[in-house]
Amino acid sequence: MAQSPSTPCAVVVLAAGAGTRMKSATQKTLHAIGGRTLLSHALHAADGLGPEHIVAVVGHQRDQVGPEVEKVAAELGREVVQAVQEEQNGTGHAVACGLAPLGEYEGTVIVTNGDVPLLTAETIEGLYRAHVDAQAAVTVLTMKLTDPTGYGRIIRDADDEVTAIVEQKDATTEQLAVDEVNSGVFAFDGAVLRDALTRIDTDNAQGELYLTDVLGVARADGHTVSAHVAADPRELAGVNNRVQLAEAGKELNRRLVEQAMLGGATIIDPDTVWIGVNVRIGQDVTIHPNTQLWGATTIADGAVIGPDTTLTDMSVGERASVIRTQGERSAIGADATVGPFTYIRPNTVLGNRGKLGGFVEAKNATIGAGSKVPHLTYIGDATVGVESNIGASSVFVNYDGVKKHHTTIGDHVRTGSDTMFVAPVTVGDGAYSGAGTVITKDVPAGALAIKEGRQRNIEGWVEEKRPGTPAAEAARAARERATNEDNQEG
Ligand code: UD1
Ligand code: CA
């Protein structure tokens, strides 16, 4: 039966290998770029195809890889079957394991590698269509590289037909010079693949069952084996070591930054701005250098972010400005201003037109519209009403050494510099506090809270107690000047 491009297919994603070249305690496909694991990138691409089945082949460290597959499946809202490859005997063996849960599946089987994170659904779709159009049993997605080192080389005969894929370690000098390589992405006729996998061997430099050897078997059986050359080889870069991880991360970021700019954001220096895959950026946003936006961060229209700012899972309202700030899991209202040098810890909500100024740390604090915490303050476990102002150098003393306690500040409150709010404590609407007040008792609405330890000046103390110091010398000179002035006036 001839297949049409709409024929449902199965995608098998290989993620069982050890990834030795990463030199890592973490399985290779669990390393992340753009805030998403390599495996998650691969599964997202597979999902984009709308396939009937997705199978992830897991093995090495599957106690960690398995849960990641489950997490991504939940994100995608679809089933991803896990097939276990107990011993990692090569990519051919991995695909055989991946086919097991599909039974006698007759449709097209797409195979992708878990370590090719920039691959898009569109490119897989292109491969799929080429495969169907050529009525091929096997189609390999290839790419041409100026430096093909490390990849399997595509070997073609005099008629330009693909005859084999030869791995770097098995290749002759002549084969090593071939610049067309295997991307690791294939389309197979399910039945042909299943049969051919039973007939490949481990007679190669790595003693493994190579998926790539399926091509030779299929061809010998008289099936059509074809190749589809990808337009953009950058998309097919495999990640085997940390250098390639960084390169892939950079390329992904280049795309995400470009997307943001085409969406109407001004990015002053695209090379120093990092954006995760789940970040949403509005129009007329300006992003200054050395800014990183991660997680589910959203930046509304007209906001100005950076320089030197890292935001993770933050929402920033329209026209807000966030300068030299570190922020996590919090919300900044419209027209609010934050920074410079501000540390926003989880569960902080800054209202519209609010302010968190220089050297302010906030945590689990809800600050009402128009309220300001402008200078040198720690505000934690607090609720502040609207249009209030917290004086410079204040501390919300939330921790008694055992438990955390809450402070509640009303609307239109004015607290003096260096006020300590010893929680649990409440300051009523319109109340004031004097500079240096340690508030341990609730302050009623409209009251002025002051703690009067009256100032006492002990005359002559420095000259008497610190003789011979520069301070005592300055004190003596000041005293003599005052005496002379008195005498002249005398
Ligand atoms: C593989 C291809 C190579 C291709 C390159 C593209 C083979 C033999 N080689 O080489 O032709 O140019 O990808 O990036 O197929 N895996 C398993 N089980 C195993 C072995 C590997 O699941 O037993 C998984 C790995 O986790 C990885 C993928 O298969 O996600 C590829 O394995 P890797 O060892 O990286 O193959 P390469 O040497 O890159
Ligand atoms: Ca690889």
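The values are calculated or read from the model by the stated rules, or taken from the named source; none is laboratory data. In this text, all values refer to a predicted model and were calculated from it rather than measured experimentally. Glycine gets a Cβ as well: all are built from the backbone with ideal geometry, and neighbour counts include every protein chain shown. Accessible surface is based on the protein model in full, side chains and every heavy atom, while ligands, DNA and RNA are left aside. Shrake-Rupley method; radii C 1.70, N 1.55, O 1.52, S 1.80 Å.
Placing unit charges on C-beta atoms (Lys and Arg positive, Asp and Glu negative, everything else neutral), compute the dipole magnitude of the chain about its Cα centre in debye, rounded to 20. Display every interim value, and only then the final one.
On the way: 41 positive and 63 negative charges, 447 e Å.
Around 2140 debye, computed over the chain.
Determine, for each peptide in 303-314, 160-171, the mean count of other beta carbons within 10 angstrom over its residues, then list the peptides with the highest first. Before the final figure, lay out each step's value.
Working: 303-314: 22.6, 160-171: 16.8.
Per-residue mean Cβ counts within 10 Å order the peptides as 303-314, 160-171.
To the nearest 10 degrees, how steeply does helix 242-262 sit against the main Cα axis of the chain, on a 0 to 90 scale?
Rounded to the nearest ten degrees, it is 70.
Please list, in chain and number order, the residues 5+ apart from G90 or on another chain whose amide H is under 5 Å from its amide H, with Hs placed from the backbone.
So G90 has HN proximity to L209.
Expressed as a whole percentage, what fraction of the accessible surface of the stretch 364-411 belongs to carbon and sulfur atoms when a 1.4 Å probe is rolled over the protein heavy atoms?
On the way: 1090 of 1850 Å².
Its accessible area is 59 percent carbon and sulfur atoms.
Mind pulling the angle between the C-alpha long axis of helix 38-48 and the longest principal axis of the chain? Nearest 10 degrees, somewhere in 0 to 90.
60
Enumerate the calculated ³J(HN,Hα) couplings along the stretch 321-331 in order (Karplus 6.51 cos²θ - 1.76 cosθ + 1.60, θ = phi - 60°), each rounded to whole Hz, writing x wherever the residue is Gly or Pro.
My calculation for the stretch 321-331 gives 10, 10, 10, 6, 9, 10, x, 9, 6, 9, 10 Hz in order.
For the chain, calculate the relative contact order in percent as a whole number, restricting contacts to Cα pairs under 8 Å that are 6 or more residues apart. Could you put the intermediate results ahead of the total?
Working: 1239 pairs, mean separation 37.6, N = 490.
Answer for the chain is 8 percent.
Would you grab the residues whose amide H sits under 5 Å from the one on A449? Only those 5+ places off in sequence or on another chain, please, with H modelled 1.01 Å from N.
Hits under the 5 Å cutoff: Y432, S433, G434.
List, in the order given, every pair from K372/K403; K250/K404; K28/K403 whose Cα-Cα distance in the structure shown is over 30 Å.
Numbers: K372/K403 27 Å; K250/K404 42 Å; K28/K403 41 Å.
Over 30 Å apart, Cα to Cα: K250/K404; K28/K403.
With θ set to phi - 60° and the Karplus curve 6.51 cos²θ - 1.76 cosθ + 1.60, what are the ³J(HN,Hα) couplings of the stretch 352-358 in order, to the nearest whole Hz, using x for Gly and Pro?
Calculated HN-Hα couplings, in order: 4, 6, x, 9, 10, x, x Hz.
Search the structure for amide H atoms under 5 Å from the amide H of I110, placed 1.01 Å from N in the peptide plane, and list their residues when 5 or more places away or on another chain.
A10, V11, V12, F188
Taking a quarter of the surface of the Cα convex hull of the chain, what do you get in nm²? Before the final figure, lay out each step's value.
Numbers: hull surface 142.8 nm².
For the chain, averaging the hull's shadow over all directions gives 35.7 nm².
Quick check: Cα centre of the stretch 308-371 to Cα centre of the stretch 133-196, how many Å?
53
Please list, by residue number, everything in the stretch 12-26 whose backbone N is under 17 Å from a paramagnetic label point 7 Å out along Cα→Cβ of Q64.
15-26
Roughly what angle does helix 121-133 make with the longest principal axis of the chain, taking Cα atoms, 0 to 90 degrees, to the nearest 10?
Computed tilt is about 10 degrees.
Take every DSSP beta bridge with both residues inside the chain and express the antiparallel ones as a percent of the total, to the nearest 5. Each step should come with its number before you reach the end.
On the way: 19 of 106 bridges.
Around 20 percent of the beta bridges assigned by DSSP in the chain are antiparallel ones.
Can you give me the accessible area per residue for the chain, using a 1.4 Å probe, in Å²?
On the way: 23100 Å² over 490 residues.
The answer is 47 Å² per residue.
Between A191 and K441, what is the label-point separation in nm under the 7 Å Cα-to-beta-carbon projection?
9.1
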